[in-house]
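Structure first, commentary second.
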Amino acid sequence: MSFGACPIPIADYPVVTLAHGGGGRLTRQLIERMFRAAFDNEWLAEQHDGAILEAGEGRPVLTTDSFVVSPVVFPGGDIGKLAVCGTVNDLAMCGAVPRYLTCALVLEEGLPMELLWRVVSSMGATAKAAGVQIVTGDTKVVARGQADQVFVNTAGVGFVAAGREVRPGMVQDGDVLLVNGDVGRHGIAVLASREGIEFETSIESDCAPLAATVQALQAAGVELHGLRDLTRGGLGTACVELVGERQTYRLDEAAIPVRGDVRGACELLGFDPLYVANEGRFLAIVPERDAARALEVLAEHRPQPDAEPARIGVVDRSAPGRVVLRSVVGGERPLDLLSGEQLPRIC
Amino acid sequence: MKFLSEYRDPQRVESLVRRIHEVTTRPWTLMEVCGGQTHSIVRYGLDRMLPAQIELVHGPGCPVCVTPLEMLDAAHRIAARPEVIFATFGDMLRVPGSETDLYGVKARGGDVRIVYSPTDAVELARKHPDRQVVFFAVGFETTAPANAMAVKVAHDAGLGNFSLLVSHVLVPPAIEAVCSAPHNRVQGFLAAGHVCTVMGYVEEYPGLATRFGVPIVVTGFEPVDVLHGVLLCVQQLESGRCEVENQYSRMVRPAGNPVAIATLREVFDVVDRAWRGIGVIPGSGFALCAEFAAYDALRRFEVAHRPVAEPAECIAGLVLQGVKKPGECPAFGTRCTPEKPLGAPMVSSEGACAAYHAYRREPAEAGS
């Protein structure tokens with residue numbers, strides 16, 4: 001992605017200073033030249049304290065997320081793209097059509113203005129691709145050392161039409177578990193770039209907006225009983241969080257797609273790819289009769305050209321409240337939440 | 001993945017399991033020495049595929065688990081010093097000392113950094129000449145050569161601000177300790193493959209096998225490796241043999257890695273070392289030799305030795321010696337969990353208690 005030249009004259013302010021958060025002339029310059037240029041919409045043009053929105057079809061859905069990934073720029077994305085995708089995807093997982101985002105930035109004094117421009121323009125480009133508008137925001141600057149370059153919070157509003165809501169608890173016995181692609185790329189990409197670990201192939205984050213895919217599933221008449229994006233904690237955590245008290249998710253380890261280089265990196269670093277973060281992958285739980293059609297839709301809406309959707313398991317009642325993985329050698333083990341964290345600050 | 005998937009091949013696993021069933025006529029108790037093997041066994045459910053007569057007990061081969069509390073406390077005190085950058089492998093961060101863990105030290109301002117190789121720590125020393133960089137050298141013979149190299153590299157580069165906090169332990173003395181223990185019931189060993197990759201298996205293991213009448217099979221870590229190791233061990237037991245055998249021949253040469261061994265001899269002396277939960281085992285550890293003693297963090301920072309008591313309820317020592325299983329501990333999964341561990345085997349991913357907990361072995365089942 002190309003971001004064009006930074007609209008703040010570098011000669012004047014090559015880095016963000018405390019004055020950029022002071023609410024005065026420099027704050028205004030940031031808003032006018034950078035945010036309005038990147039996000040460009042009627043709500044920002046109004047320069048009001050808030051954004052007065054149009055209601056969409058159905059009930060409003062609200063979500064929020066903060067992003068603190070380190071490094072700010074990683075293979076396949078940056079914190080700006082992540083901040084838009086993360087919130088858009090949370091709305092999509094409720095069955096909603098995302099419409100509006102907020103953007104609150106906490107900047108560390110000394111942040112290169114070029115880097116801020118990259119983050120902000122990446123947010124603008126990703127929002128455009130995802131069909132959402134960034135309608136209001138806030139900028140604070142903290143002294144050097146009090147934040148790590150840039151933290152982003154985005155809140156999002158979407159609308160879910162009657163009958164399209166997806167909530168935990170709708171999953172039924174006999175349903176099928178699908179993923180929209182191989183797991184583990186994002187976590188490994190971020191770790192590798194942070195630690196300077198080089199692999200033979202470059203692993204890029206899978207970061208991508210997923211709302212269009214969910215809408216395509218709905219449009220194809222697929223009954224969505226469960227949706228969950230596989231972010232922090234990965235596929236394993238998502239399943240454990242989602243499984244109902246009376247139900248069992250039975251996963252087939254051999255069917256869960258993991259790219260060879262990601263698997264290799266996991267072996268090397270001692271990670272389980274099932275617990276590595278993704279930012280463009282989700283679990284869709286659908287009735288058996290819709291599974292084939294859903295897989296076709298997922299294959300048409302791949303977040304990356306080489307992301308292969310797969311059927312990875314079924315729902316039954318054999319071990320209530322549990323997620324059971326059939327290992328590649330045929331043994332079974334229950335999956336649980338991780339006790340610590342595998343990787344620090346991956347989103 | 002190449003060189004890996006074939007060792008997780010369901011057909012090979014099935015055929016090995018069938019052969020183990022065929023050759024087993026009596027009950028046998030085997031110990032897998034290494035925590036990596038324990039992890040593999042529980043992760044893939046290998047023990048559940050074995051005949052009921054074969055019991056696998058878990059050995060002391062988790063370096064994190066056997067690092068004594070005193071050493072952890074010393075690490076935490078050194079890491080808290082303002083001039084120190086404390087470099088460590090990630091799995092040491094959550095291991096509780098008597099007062100805190102490295103996460104706690106970091107949260108209170110200690111400069112604790114995760115590295116993936118001791119040479120990364122040497123790099124830190126090069127980059128930060130005004131700071132003291134201390135690397136926590138924990139592990140068996142497997143990790144020792146790289147740590148020895150790090151000291152040599154720092155020495156050659158004149159990096160006076162680098163030091164090692166050495167807590168290396170050695171496997172053969174631990175096997176001897178297990179065999180000599182009064183409650184010992186281990187009849188055969190799966191020795192730790194990667195340790196033997198470095199040290200080989202011709203020097204110390206044959207003596208142990210003969211002296212204690214136990215087969216010792218050098219074994220790898222993948223499902224096919226572990227089951228093959230079990231098969232070889234059971235075959236020996238059933239035919240009354242007690243030999244040293246090498247299952248992991250794709251990695252392990254009889255004499256090990258001579259270059260690595262030479263480096264170890266150059267940098268380290270063999271010393272008595274305390275094992276957490278077990279006590280002092282003679283000749284069971286490495287310490288920096290006189291020539292490199294200046295790189296010993298314990299000397300450099302003059303940390304006083306403060307003996308501390310283990311939580312009374314924790315049976316880690318018995319678990320590490322294979323006398324008890326994690327589920328036999330009354331605190332397992334209740335007062336001792338990975339989030340709030342009483343003992344180290346619940347912390348490290350290679351610890352037997354953590355492996356049982358992660359794969360949700362119920363206490364009753366875990367104790368069986």
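Quick notes on this one:
- Per-region count, the range B:224-254, residues assigned to a loop (DSSP other than H, G, I, E, B) and crowded, with 22+ Cβ neighbours inside 10 Å: 3
- Note on the range B:1-39: residues that are aliphatic (A, V, I, L, M), out of contact with any Cys (no Cβ under 6 Å at 6 or more places or on another chain) and closer than 17 Å to B:Phe189 by Cβ total 3.
- Count of residues meeting criterion [β-branched (Val, Ile, Thr) and within 14 Å of chain A (Cβ to nearest Cβ)] in the range B:50-68: 1
- If you go through the range A:140-188 and keep only what is more than 30 Å from A:Leu53 (Cβ to Cβ) and polar (S, T, N, Q), you end up with A:Gln146, A:Gln149, A:Gln172.
- Taken together, the criteria exclude A:Asp182 from residues that are touching a residue at least 12 places away in the same chain (Cβ under 8 Å), farther than 30 Å from A:Gly56 by Cβ and outside the structural domain of A:His225 (by TED's automatic domain parsing).
- The listed residue being buried (at least 18 other Cβ atoms within 10 Å of the Cβ) and not assigned by TED's automatic domain parsing to the domain that holds A:Leu283, out of A:Leu44, A:Leu53, A:Leu62: A:Leu44
- Index of the failed condition, A:Thr231 passing every other in (1) part of a loop (DSSP other than H, G, I, E, B); (2) within 10 Å of chain B (Cβ to nearest Cβ): (2)
- Across the range B:1-49, the qualifying residues are those that are acidic (Asp, Glu) and more than 14 Å from chain A (Cβ to nearest Cβ), and the one among them that is surrounded by the fewest Cβ atoms within 10 Å (Cβ to Cβ) is B:Glu22.
- Some residue of the range A:53-70 being free of Cβ contacts under 8 Å to residues at least 60 places away in the same chain and under 28 Å from the mean Cα position of the chain (by Cα): yes
- Exactly one residue among B:Val42, B:Val64, B:Val17, B:Val57 is outside any helix (DSSP H, G or I) and not aromatic (Phe, Trp, Tyr), and that residue is B:Val57.
- Wholly enclosed helices (runs of 4 or more DSSP H) of the range B:77-175 bearing at least 1 residues within 14 Å of chain A (Cβ to nearest Cβ) and closer than 22 Å to B:Glu310 by Cα: B:102-107
- Elements of type helices (runs of 4 or more DSSP H) in the range B:294-368, at least 2 residues being at pLDDT 80 or above and more than 14 Å from every other protein chain (Cβ to nearest Cβ): B:297-300, B:316-320
- Restricting attention to the range A:242-265, the residues that are away from chain B (no Cβ under 12 Å) and farther than 19 Å from A:Arg311 by Cα add up to 3.
- Filter result for A:Phe151 (farther than 30 Å from A:Pro71 by Cα, in a strand (DSSP E or B) and not small (Gly, Ala, Ser)): no
- Leading residue by the ranking (nearest to the chain's Cα centre (by Cα)) among those in the range B:177-223 that are among the small types (Gly, Ala, Ser) and part of a loop (DSSP other than H, G, I, E, B): B:Gly220
- When A:Gly169, A:Gly184 are checked against the criterion of being surrounded by fewer than 24 Cβ atoms within 10 Å (Cβ to Cβ) and within 30 Å of A:Asp316 (Cβ to Cβ), A:Gly169 stands alone in meeting it.
- Any hit, the range B:245-262, residues being modelled with pLDDT of 95 or more, of a type in the set (D, E, K, R) and closer than 28 Å to B:Glu70 by Cα: no
- Residue that is nearest to the chain's Cα centre (by Cα), among those in the range B:127-174 that are surrounded by fewer than 20 Cβ atoms within 10 Å (Cβ to Cβ) and of a type in the set (D, E, K, R): B:Lys152
- Residue within the range A:182-192 that is closer than 19 Å to A:Val324 by Cα and assigned to a loop (DSSP other than H, G, I, E, B) present: yes
- First in the range A:108-129 and within 23 Å of A:Ala19 (Cβ to Cβ), second anywhere and polar (S, T, N, Q), Cβ under 6 Å, 6 or more apart: A:Glu108/A:Gln149; A:Leu111/A:Gln149
- Residues located in the range A:178-225, provided they are closer than 19 Å to A:Val258 by Cβ and among the polar types (S, T, N, Q): A:Asn180, A:Thr201, A:Ser202, A:Ser205
- Once the range B:165-175 is narrowed to residues that are in contact with a Phe, Trp or Tyr (Cβ under 8 Å, 6 or more places away or on another chain) and not β-branched (Val, Ile, Thr), the residue that is nearest to B:Asp296 (Cα to Cα) is B:Leu165.
- Subset of the range B:262-288 [surrounded by fewer than 16 Cβ atoms within 10 Å (Cβ to Cβ) and either assigned to a loop (DSSP other than H, G, I, E, B) or aliphatic (A, V, I, L, M) (or both)]: B:Ala262, B:Val280
- B:Tyr103 passes every criterion in (1) surrounded by fewer than 16 Cβ atoms within 10 Å (Cβ to Cβ); (2) modelled with pLDDT of 95 or more apart from (2).
- Taken together, the residues in the range A:103-112 that are surrounded by fewer than 22 Cβ atoms within 10 Å (Cβ to Cβ) and more than 14 Å from A:Ile31 (Cβ to Cβ) amount to 5.
The values are calculated or read from the model by the stated rules, or taken from the named source; none is laboratory data. Note that the structure is predicted; figures quoted are calculated from it, not measured. Heads up, the Cβs are rebuilt from the backbone with ideal geometry, glycines too, and the neighbour counts pull from every protein chain shown.
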